[in-house]
C-alpha cells in the first residue's frame, strides 16, 4: 500500500537538501534516529531522482504546480520523522517553510488518534499518533531504547492504526486515549477540582506527551484503587507531582 504526497518544486528541492544529510558520516544520531536512517537512504534516492526528473522536464521553476511523490506507509512516517529532526540543517527560512508543509497537514490534533502502548512487564510506554486515514504521524517513547529493543520492535512496528490495535497483546497493553493532551482535559477528567490548580498545571506542563498520556489513562484505575482500598483521593497537583500514574 502506498501514500501519495504533493509538494511544490521548491519544497522538493528543500526536502532533497535535508535528505542528503543521510550521507554525512559525522551526523550524530540517537538510537531511535538510527531506526529510520536506513529508510532515509531510500528516501534520499527517491527525492534526488524526482528532483533531477523535474530539472529535465524544465519545470523546476514552475512554483504553483505540485509534484506527486509516491511512498510506502513506513517511508512516509520516516520522512516526517527525519524532516522534523533535521530541518535545522537548512539555513533559509523559506526552505524551512517549504519543508514544514510536507508534514504539517498530518499534525491536525482534531483528527488524530492517540494510542498508548505499555509493556506489561517493564511498564515502558510508547505513544503512537495516527491521522484520520490511520497512518502513523508521530511516535514517542519515555525511555532510552537499546539496540536489543530496536531489533525486537522493528518487524512489529505499527505503521498503521489496525496494526497498533493488534500489537503483540501477550506482552503489550494498548489503550486508545483522549485526542487532546491539554491540561484542561486532564483537569476535567481527573474531576477532583481541589487543591492548587496553578501548581497542577505547572506539573502538567513539565510532563512529556507520553507521561501526559499515561497520566490520563491511569485515572480510572487510580480512582478505582482509592475506592477499593478506602484511601483518600490525592489533589491533582500531588497526583502529577508524585507521578502516581507510574505506580501501576
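List of remarks:
- Single residue of 240, 206, 227 found to be over 15 Å from residue 128 (Cβ atoms), surrounded by 16 or more Cβ atoms within 10 Å (Cβ to Cβ) and not assigned by TED's automatic domain parsing to the domain that holds residue 136: 240
- Residue 158 vs. criteria surrounded by fewer than 14 Cβ atoms within 10 Å (Cβ to Cβ) and in contact (Cβ under 8 Å) with a residue 24 or more places away in the chain: no
- Where helices (runs of 4 or more DSSP H) fall wholly inside segment 111-221, the ranges with 2 or more residues that are within 19 Å of the chain's Cα centre (by Cα) and more than 22 Å from residue 236 (Cβ to Cβ) are 147-153, 161-165.
- Residue 14 more than 25 Å from residue 140 (Cα to Cα), buried (at least 18 other Cβ atoms within 10 Å of the Cβ) and modelled with pLDDT of 80 or more: yes
- In the set 165, 124, 170, only one residue is modelled with pLDDT of 80 or more, out of contact with any helix residue (DSSP H, G or I) (no Cβ under 9 Å at 6 or more places or on another chain) and surrounded by 13 or more Cβ atoms within 10 Å (Cβ to Cβ); that residue is 165.
- Being surrounded by 14 or more Cβ atoms within 10 Å (Cβ to Cβ) and at pLDDT below 80 is a property that holds for residue 101.
The values are calculated or read from the model by the stated rules, or taken from the named source; none is laboratory data. Being a predicted model, the structure only gives us computed values, none of them experimental. All Cβ positions, glycine included, derive from the backbone under ideal geometry; neighbour counts span all protein chains shown.
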